[in-house]
Every structure is written in structure tokens, then in C-alpha cells.
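Following: one structure in C-alpha cells, then a few remarks.
Only the coordinates and a few stated rules stand behind these numbers; no lab work does. Predicted model only: the values in this text are computed from it and were never measured. No Cβ is skipped: glycine too gets one built from the backbone with ideal geometry, and neighbour counts run over all protein chains shown.
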Amino acid sequence: MMGMANRTSRRFRLNRRDLTGIYLTAAVLTLAILAQATLLTRIRLGGASPNLLLVIVVCWSLLRGQTDGVLWGFAGGLGLDLVSGLPLGASALALMVTCPLTVLGKDSVFPGSLTLPALLVLLATPIFGWGVLLTKTMLGLPVEWLASTRYVIGPEIALNLALTPVIYPALRWLALHVRAGQAGW
Amino acid sequence: MTAGRPFLITFSGIGRQITNVVSTARDLATLRARNNQLQTVVDTLTIDNLRLKEIEAENERLRSLLRFAQLNPNYDFRGGQVIARVISKNPSNYLASITLDLGAEHGIKPGMPVVTERGLVGRIYKVGPLSSTVLLITDPSSGVPALIQRNRLVGVVNGRAGSAPVMDYIPQDAEITVGDLIITSGLGGEFPKNLVIGQVVEVRQRDYEMFQQATVRPTVNFDRLEFVQVITNFRPLPNQPDEPDSVG
């Protein structure tokens, strides 16, 4: 009887952690999309604004693993596509593609260091950009690869790198202090 | 009586002093309360003043839009009855767009041109029940049939990624100079005629190319858009390219 009660209690704890994870995902992504659509667009360098969602997805993948990152990328990307007017799925696909990059930081011995997230953001920004452009090309929309790389992706790398020292410690704190369940297939 | 006079004077003085001290203490308490009241009034007035200044600025912007509507009586402008508020700008770096606070429930439809008193902004691209997305003329997927106002030469103003739009397809022998005004030509039926697009800031002519190109500085400042007008009585001709719905 006691064992059964313990098992039920354990299952209940697991469910609560899962729910916390869902609430956390929804809250962080909603805030990120709102900030992206309203506040961050005021910061312009060349033809680009910082991509908060990309930085968040890359940092979260590094902190909580690829599966969590892919889920955040998918949900956040769909939200961004709905708000921005991009073809539905374009940002989601491109964000999900950046998550496997975190394999590079899997065995990092310096989890608190900012070098690794900065390096990953540096690599992820052009991959995300080219991913979106590739999707647009496949949908028959006119795309300027060279100009987009020079005037949009280039400045975006600099802006995203500037955002990383703020976002990574905040997400690291969240990952350590909020007892959210980790996603698994 | 005479002997008591100095005492009376002294005590009377002391009494006056005590009264003064008490009254000062009482005044101090009153003054503090009064000061708090006045501080509250100042705060309220400051907030009111800021709000009034904001309303005055908004009023001025709306008046400008109204003047534009009066100068262009051929078009029916709608947005919150007349004007739409911009609620989001360029959320993605890969699509130059803005979001308006009006949608299908307010009569907004895809393809409707969007303008300000300064000129053409773009066209309605996606429509939701309560909001809509405008594709700006600066986006690479936007092409606006245009003409040079001075000599009526036609071309197409195409958006460029991260830089100013360019007027393409200008014949090699055409005369075009910096400062020329570019307006919509109405060709293709996607935009109404005679809406201001911008001014030529640079001309690029190469002998081996079929056409000249002119870089255009839009008259609209896309970074400072707050209100726009949607031309609701203009119907774009059919067979305009549809918006891509989703990936896959």
C-alpha cells in the first residue's frame, strides 16, 4: 500500500515538473516574441535587429540539451512566423536546424563560460538566416543571398553576440532554479 | 502695578515666544501636509502635461493624415474608421513588414495599398480577424510599378535586403537625375496611380547593361511609423501573386 502511494506521489511529482516545463516554455517564448516584435526592432544596425529568439534557443539547447532546444525552436519559430508574416514554418525550421550545433559544447568543462554560447550564436546566426532564405527561395519568393548576407546576417551576428552575455546567464539561472522537466522523445 | 510691569512684560514676551514656537510647530505640521498635497498636485499636473503633449503630437499626426485624405478625395481611407495604428515593426530581419491593429473584421483585405501623408508604405499582405500584416516597399519581394514624375519614364521599384529600394528597368537612353521624384504608375493594377514613393539619390548606368538603375530614398520614414491609412476602395486586379501560406 505504502509502495503504491509512493509510486503515485512520484508520478505526481513528475507531472508537476512537466507542467512547470510547459509553463516555463510558454512564458519565456511569449515574452521573447513580444520583445522581439516591439522592443528589439528599435535597435537597428545596418538592416538588422537582434534576434532574441535565436539566442534563447541556442543558449537553452546548450543548457538543457538538443531535444529541449528543438522544441523551443519549433514553438518559438511558429510564433515568430505568425507575428512577422513570414511563411508559416520558415523560422521554426531554421531555428530547429541550429540546435544540433550544441553538440560542439556537449563535453564543455567550462559550463559558466560565455565563450561557448557566443561561439554557437556566431555559427547559428548565419545558419538560421540562410535557412530562412532557402525556405523563401523554395517557395518561389525573390531572395538576394549576397545582399542579405552582407547587410542583414552580418550585422545580426554582431547584435546577437552583444545579446548573449545578457541572455545566457539569465537562462542558466532559470535552468538551475526552476525545477522543470526535461523533454525527451 | 508699576512694580509688576516688568514681570508682566517679561512673561508676556515669554508667552508670545511660546505661542510663536507652538504656532510654528503647528504650522510646520500643516506645511508638511500642504507640501505633500502640492507635491501630489505637481505630480498629477506633470502627468497631465505629458499626456496632453502626447495627445497634441498624435493630433498633429492625425491632422496630417486627414489633410492627405482631403487632398486625395478619390480614395476611401479606413483604419479605426480612418486610420490604422502600427502595433509591430519588422519582427523578423528577413521580411520587411509591419502589423496593423485592423483586420478582416474592419474591412481590410489582402492587396489593399497602405499609405501615410508622406507616401506609399506597402500593401496588405496577410489579414487576420483583428490585425493585418503590411509588406513594405523595402522588402525584396515587393515590386511597385513606378514612373519618374518629371519625364514620365516607367520602371519598377524593387525592395533591397537591408538597403534602399532601387528603381529597375529604366531604359539606357533615358535621362534620370538625382532628386527626381518617383511616383506609382498604376500599371499592373496592384497600386493606385500617383502615390509618392521617394526621390532618386543615386543613378547607376553601365554600358554593358540593358537598363539603368536608380537608388530611391523613400519619402516615408519606416522606422517612425505610428499611424497609416489603408485605401479600402482600391481593388487590385486579379492574378496578383498570392502570399505563400506555409512551408511544405
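For the range B:103-248, how big is the tail of P(r) above 27 Å, as a whole percent of Cα pairs?
Of the Cα pairs, 22 percent sit more than 27 Å apart.
By the rule of a C-alpha distance below 28 Å, with chain neighbours fewer than 8 residues away ignored, the lysines paired with B:Lys193 are B:Lys89, B:Lys109, B:Lys126.
Net charge dipole, the protein assembly as shown: roughly 1900 debye, given to the nearest 20, about the Cα centre with Cβ charges of +1 for Lys and Arg and -1 for Asp and Glu. Mind checking the angle between helix B:5-71 and chain B's longest principal axis? C-alpha axes, 0 to 90 degrees, to the nearest 10. Around 10 degrees separate the two axes. Placing unit charges on each Cβ (+1 for Lys and Arg, -1 for Asp and Glu) gives the range A:34-185 a dipole about its Cα centre, and among A:Ala37, A:Gly154, A:Leu93 the Cα reaching farthest toward its positive end belongs to A:Ala37.
If the viscosity is 0.692 mPa s and the temperature 37 °C, what translational diffusion coefficient in µm²/s does Stokes-Einstein give for the range B:175-240 when Rh comes from Kirkwood over Cα pairs?
Value of D from the Cα-based Kirkwood radius: 230 µm²/s.
Need one value for A:126-136: mean number of C-beta atoms belonging to other chains within 10 Å of its residues' C-beta atoms.
Working: counts 0, 0, 2, 2, 0, 1, 4, 3, 0, 4, 6.
Mean shielding count: 2.
Listed by chain and number, the aspartates and glutamates whose C-alpha is less than 19 Å from the C-alpha of A:Lys136, apart from same-chain residues fewer than 8 away, are A:Asp81, A:Glu144, A:Glu156, B:Asp139, B:Asp242, B:Glu243, B:Asp245. Listing B:Ser23, B:Ser142, A:Ser148, A:Ser61 from fewest to most neighbouring C-beta atoms within 10 Å gives B:Ser23, B:Ser142, A:Ser148, A:Ser61. Per residue, the average separation of C-alpha pairs within less than 8 Å and at least 6 apart gives chain B a relative contact order of 17 percent.
Once C-alpha pairs closer than 8 Å and six or more residues apart are averaged by separation and normalised to the residue number of the range A:29-122, the relative contact order reads 27 percent. Computed over every Cα-Cα pair of the protein assembly as shown and binned at 20 Å starting from 0, the pair-distance distribution P(r) comes out as 21, 41, 23, 9, 5, 1, 0 percent. Let me make sure I get this right: for chain B, a, b and c are the square roots of the gyration tensor eigenvalues over alpha carbons, sorted descending. Under 1.5 in a/c it's rounded, otherwise prolate if a/b > b/c, else oblate. Which is it? Prolate, since a/c reaches 1.5 and a/b exceeds b/c. Net charge in the neighbourhood of A:Ser148 (other residues with Cβ under 15 Å of its Cβ; Lys, Arg +1, Asp, Glu -1) is 0.
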